[in-house]
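The values are calculated or read from the model by the stated rules, or taken from the named source; none is laboratory data. Quick caveat: nothing in here was measured; it's all calculated off a predicted structure. Cβ: placed from backbone, ideal geometry, glycine included. Neighbour counts: every protein chain shown.
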């Protein structure tokens, strides 16, 4: 065995041990979502290839005193097919959705008289189809990324407070209240956002416009309260609970050894958090943030209610203080007029882009997490 | 550098539960003292009161006092963070920071204490500490690789390097070899012999041969009875403890007649 090989083996063994301890640290209510090494809801295929499983004895290969072949155990078999079936089911579902979107969207895109990706036009009711997604893409991404930038630091703060700082009697109610945010229907967020919250933002918008207005992002464009700014803040509140819940779960699982290592070096509370808790939770928090981003990208009714659609032909504005339509709100606004397949196809094409976008975000997050895998 | 440790009437609690009662001892500087005794008798608990790690557990507290060269570490003006910076600790399971490289692991404590340090100075400390922990030759070409990728024995020596990088006065070791194979154990034991020239070392061990090999003084802990708190039965020269202890209970334990 070469040196390199032996090192690799050593590493594999160490990883397997770590996997095993992670597993044993994990109570029954472990949720796939909170997997600190995984991103998104789709089971991580890399998790299936861990050395812990590779080293496990293969049933059926027993020799010698125990017989040439192991017994086939019915329970094992049934369970294996059940789990494999569940995994396959998700893959098939995703494939079917993709096939549906492609099949419905392609004829319309083929008839599109303008460039689908770069045009700002959206004229689908007449005899000629003219539609492009660039405005929708911008508003969707801007509102979601803005929401995420607001929500992630707050979620990390809440999760750290609950797991590290709050006394037990306080931590439970706080966690419960944050979870409760997720139980509020999005229509309520939308109504609250447009009738109560958004009109109150004038002061902040004017302030930002006065001092940062030279940045296109902060240039005030409309006096209507239905801005991307207002929508983004409401989205941030909506995605807060999911990011908080995942951050809380991973922070709670910080191995005791890591925490004590920091304490013993003379770390203060914050230094301990920075040395042990934050790095341990990072992959999980990234995956939580991506789930939140996915939710924000696809959020429909709240955003539809809040955002004011600019008149057709209005010039493009990158500003946060402007209205707009996201993929989802565009489709929702048009739901009443899905009366012929080509017209509907245009909206489905928009949905397809949203699907691909969410997929790309998840893939990107996974790459980010895996790149530092060696260190986690 | 090395300092004398004294425990005075230590009573150690987990919430209301008295885990160890009335511990008194004195440990000389630049010596190795082994804590032995059956599981659950409180030796690790006592060890953790020496650098105020005990109180990290919710509800855990201490009565009595521990003195470091005559100075109380439980005084009201004393910051436990400062105590832990003076008294290093190595744990039962090697616990390098998994997200950090070997290099960053070694300087982790140093960065906490001194803020910004010049790269050259850090490099020196890394080499000195890793040499001090007998690990330098094995890892000098891969300092940027993750510390968690090393073997168990190497990880434990990395943890020792991390502990001595901040030049503590005292080094506490809580069963440092119990997760290691005999070869790694030997490496750590050799290391303890060279470290005692600079540090006061206290080591908890389940392995009596190990206590006999590495320590000059041995403290035997035991439960005072079923359901009663742990206590320090006796502390004496290691040779005496293993050949002719003053207490019958010590003799029973080391000769294996212990129930």
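If you scan region A:169-193, which residues turn out to be under 19 Å from the mean Cα position of the chain (by Cα) and surrounded by 17 or more Cβ atoms within 10 Å (Cβ to Cβ)? Within region A:169-193, A:178, A:186 qualify. Hey, among the residues in region B:105-122 that are touching a residue at least 40 places away in the same chain (Cβ under 8 Å) and more than 8 Å from chain A (Cβ to nearest Cβ), which one's surrounded by the fewest Cβ atoms within 10 Å (Cβ to Cβ)? Out of the qualifying residues, it is B:110.
In region B:13-22, of all residues being in contact (Cβ under 8 Å) with a residue 60 or more places away in the chain and surrounded by fewer than 24 Cβ atoms within 10 Å (Cβ to Cβ), the one that is farthest from residue B:221 (Cα to Cα) corresponds to B:18.
Every condition in (1) closer than 16 Å to residue A:241 by Cα; (2) surrounded by 12 or more Cβ atoms within 10 Å (Cβ to Cβ) holds for residue A:134 except the one numbered (1).
Check region B:85-101 and report whether any residue there is assigned to a helix (DSSP H, G or I) and within 14 Å of chain A (Cβ to nearest Cβ). The answer is yes; a qualifying residue exists. Selection of region B:32-71 for residues being closer than 29 Å to residue B:106 by Cα, more than 18 Å from the chain's Cα centre (by Cα) and surrounded by 14 or more Cβ atoms within 10 Å (Cβ to Cβ) yields an empty set. Against the conditions (1) within 15 Å of residue B:184 (Cβ to Cβ); (2) more than 9 Å from chain A (Cβ to nearest Cβ); (3) under 22 Å from the mean Cα position of the chain (by Cα), residue B:139 satisfies every one except (3). Among the residues making up region B:218-234, those that are buried (at least 22 other Cβ atoms within 10 Å of the Cβ) and closer than 21 Å to residue B:30 by Cα are B:218, B:219, B:220. One residue stands out among those in region A:312-333 that are under 15 Å from residue A:121 (Cα atoms), part of a loop (DSSP other than H, G, I, E, B) and modelled with pLDDT of 85 or more: the one that is nearest to the chain's Cα centre (by Cα), which is A:326. Scanning region A:143-166 for residues that are more than 25 Å from residue A:231 (Cβ to Cβ), without any contact (Cβ under 8 Å) to a residue 40 or more places away in the chain and assigned to a helix (DSSP H, G or I) returns a single hit, A:161.
Listed here are the residues, each with its yes/no results for (1) within 23 Å of the chain's Cα centre (by Cα); (2) surrounded by fewer than 18 Cβ atoms within 10 Å (Cβ to Cβ).
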{"position": "A:213", "(1), (2)": "no, yes"}
{"position": "A:223", "(1), (2)": "no, yes"}
{"position": "A:226", "(1), (2)": "no, no"}
{"position": "A:232", "(1), (2)": "yes, no"}
{"position": "A:254", "(1), (2)": "yes, no"}
{"position": "A:309", "(1), (2)": "no, yes"}
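Does residue B:215 meet the test of being farther than 17 Å from residue B:27 by Cβ, more than 12 Å from every other protein chain (Cβ to nearest Cβ), buried (at least 24 other Cβ atoms within 10 Å of the Cβ) and modelled with pLDDT of 90 or more? No: the conditions fail for residue B:215.
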